[in-house]
1. Quick check, is G56 touching a helix residue (DSSP H, G or I) at 6+ places or on another chain (Cβ under 9 Å) and surrounded by fewer than 17 Cβ atoms within 10 Å (Cβ to Cβ)?
2. Check E30, E58, E19, E93 and return the single one that is acidic (D, E) and closer than 20 Å to K153 by Cα.
3. Restricting to the stretch 1-53, and then to whatever is touching a His at 6+ places or on another chain (Cβ under 9 Å) and not in a strand (DSSP E or B), can you tell me which residue is most open to solvent (accessible area, probe 1.4 Å)?
4. Hey, can you tell me all the residues within the stretch 73-95 that are surrounded by fewer than 17 Cβ atoms within 10 Å (Cβ to Cβ) and either touching a strand residue (DSSP E or B) at 6+ places or on another chain (Cβ under 6 Å) or assigned to a loop (DSSP other than H, G, I, E, B) (or both)?
5. For the stretch 124-142, which positions are exposed (fewer than 15 other Cβ atoms within 10 Å of the Cβ) and either within 21 Å of the chain's Cα centre (by Cα) or under 21 Å from Q192 (Cα atoms) (or both)?
6. Count, please, the residues in the stretch 134-188 that happen to be basic (K, R) and in a helix (DSSP H, G or I).
7. Could you tell me whether any residue of the stretch 107-120 is acidic (D, E), open to solvent by 40 Å² or more (accessible area, probe 1.4 Å) and without any contact (Cβ under 8 Å) to a residue 24 or more places away in the chain?
8. Of the conditions (1) under 22 Å from T46 (Cβ atoms); (2) over 14 Å from the mean Cα position of the chain (by Cα); (3) of a type in the set (G, A, S); (4) crowded, with 19+ Cβ neighbours inside 10 Å, G175 fails just one. Which one is it?
Amino acid sequence: MQKVLLSVENLSVQAEDKEILHNVQLKINEGETHVLMGPNGAGKSTLGYALMGSPGYEITSGRILLGGEDLTEQTPDKRAKAGLFLAFQEPLEVPGLPLESFLRSALEQQTGRRIRLWEFKKELKKAMSLLQMDDSYAGRSLNVGFSGGEKKKTEILQMMLFGPRIAILDETDSGLDVDAVRLVSDGVGAFQKNRDKALLIITHSTRILQSLHIDYTHVMVDGRIVATGDGSLVSKINTEGYEAFLEGAAGREEAQP
């Protein structure tokens, strides 16, 4: 029997006094890849930020459980140490902080132990090679002067090195050309091979999904998950769009007293 890694129970979230998510429920088991799709403004990214405990997103009801541990009131750093990871849609630039130093420091904070430099460099080189990142990027300031594709590769690089229990990818393929999408997909595919971990891919596109195995697809409209299916639902959305889901959501709202 598969073990439940992430359980989102009736989660409602507001930002700037406006409720964005409404009673969201989601369960992700070990070894599964879930996709959350929906039109722009549906609340997909809000779910990712709320799961990581990002300031500005207030949980008004519900719980977030990781491996049975309640993280609802935990700070982002404690959630990260527990095994949650979020790849940002728009990664931050940090002048003066070399990528290599950032990654090694973050790993040590996560594991609570000193990491031998030669051991770290070996794993870093291996991961960068898979993503076809030049070794020189390791010494450059984090994301400073990086192209959009390079920034997204850096996010996937972090995921590969940190090895979280649940990796949340927020619009990782946005703004990428075909070659960059392929390389990012290769990194995600490598992570998928860890059967004790899981993925939640948040996207409104389908490009990054084409070479990945998808277990469940969820559709979010107006802060609610309105449909769930298997990987074939991605193909349906790709050909038919979100119109049917938007109409269904509107009908449910009209039916409410």
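1. On the way: touching a helix residue (DSSP H, G or I) at 6+ places or on another chain (Cβ under 9 Å): yes; surrounded by fewer than 17 Cβ atoms within 10 Å (Cβ to Cβ): yes.
Judged against the criteria, G56 is a match.
2. Of E30, E58, E19, E93, the one residue that is acidic (D, E) and closer than 20 Å to K153 by Cα is E93.
3. Taking the candidates together, the pick is N40.
4. Matches in the stretch 73-95: E73, T75, A82, E90, L92, E93, V94, P95.
5. At the first step, the residues of the stretch 124-142 found to be exposed (fewer than 15 other Cβ atoms within 10 Å of the Cβ) are 125-126, 129, 132, 134-136, 139.
Those that are exposed (fewer than 15 other Cβ atoms within 10 Å of the Cβ) and either within 21 Å of the chain's Cα centre (by Cα) or under 21 Å from Q192 (Cα atoms) (or both): K125, K126, S129, Q132.
6. 4
7. Within the stretch 107-120, one or more residues are acidic (D, E), open to solvent by 40 Å² or more (accessible area, probe 1.4 Å) and without any contact (Cβ under 8 Å) to a residue 24 or more places away in the chain.
8. (4)
The values are calculated or read from the model by the stated rules, or taken from the named source; none is laboratory data. Just so we're clear, the structure is a prediction, and the values are computed from it rather than from any experiment. Note that we place each Cβ from the backbone using ideal geometry, even for glycine, and neighbour counts take in every protein chain shown. We work out accessible area using only protein heavy atoms, side chains counted, and drop any ligands, DNA or RNA first. Shrake-Rupley method; radii C 1.70, N 1.55, O 1.52, S 1.80 Å.
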